[in-house]
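The values are calculated or read from the model by the stated rules, or taken from the named source; none is laboratory data. Just so we're clear, the structure is a prediction, and the values are computed from it rather than from any experiment. Ideal geometry is used to build each Cβ from the backbone, glycine not excepted, and the neighbour counts take in all protein chains shown. We work out accessible area using only protein heavy atoms, side chains counted, and drop any ligands, DNA or RNA first. Shrake-Rupley method; radii C 1.70, N 1.55, O 1.52, S 1.80 Å.
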Amino acid sequence: MNSDVILVLKGYQDIMGDESVNDTVSEGKYYKKGSRHFVVFDGAEDQVHKYGMIKIAEGHVDVVRRGRESVHMSFASGKDTSAIYHTDAGDLR
């Protein structure tokens, strides 16, 4: 099953006590392959990320964004998460 979707991503960041919230709204495509669900979407308005993909499996979610800055975030049920952002200025954790 393939479907057109509207995706709303809300990101929360806490960098040494400096908290921020970022919202991204994008058009995308949803499909299912085996037991996994996928959403592929276009980049944000700021053109930092050209495209992205969300992979959903039981107890696990991956968010991959590629472009001028890239990131791969993995979320597993019951585990803390960190990510490395690859930027022009170097890698940020």
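Results, tabulated for the structure shown:
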{"read-out": "Qualifying trypsin sites (Lys or Arg not before Pro) for region 1-79 [loop in DSSP, other Cβ within 10 Å: at most 14]", "value": "68, 79"}
{"read-out": "Fully extended contour minus Cα-Cα distance, from residue 53 to residue 16, at 0.36 nm per residue", "value": "10.5 nm"}
{"read-out": "With every protein chain in place, the chain: carbon and sulfur % of accessible area (1.4 Å)", "value": "51"}
{"read-out": "Cα-centred dipole magnitude for the chain, charges only on beta-carbon of K, R (+1) and D, E (-1), debye, nearest 20", "value": "600"}
{"read-out": "Potential lengthening between residue 62 and residue 40 on full extension [0.36 nm per residue; Cα-Cα distance subtracted]", "value": "6.7 nm"}
{"read-out": "FRET efficiency, residue 84 to residue 23 (Cβ-Cβ, R0 22 Å, nearest 0.05)", "value": "0.45"}
{"read-out": "Taking the convex hull of Cα positions in the chain, its mean projected area over all directions (nm²)", "value": "6.7"}
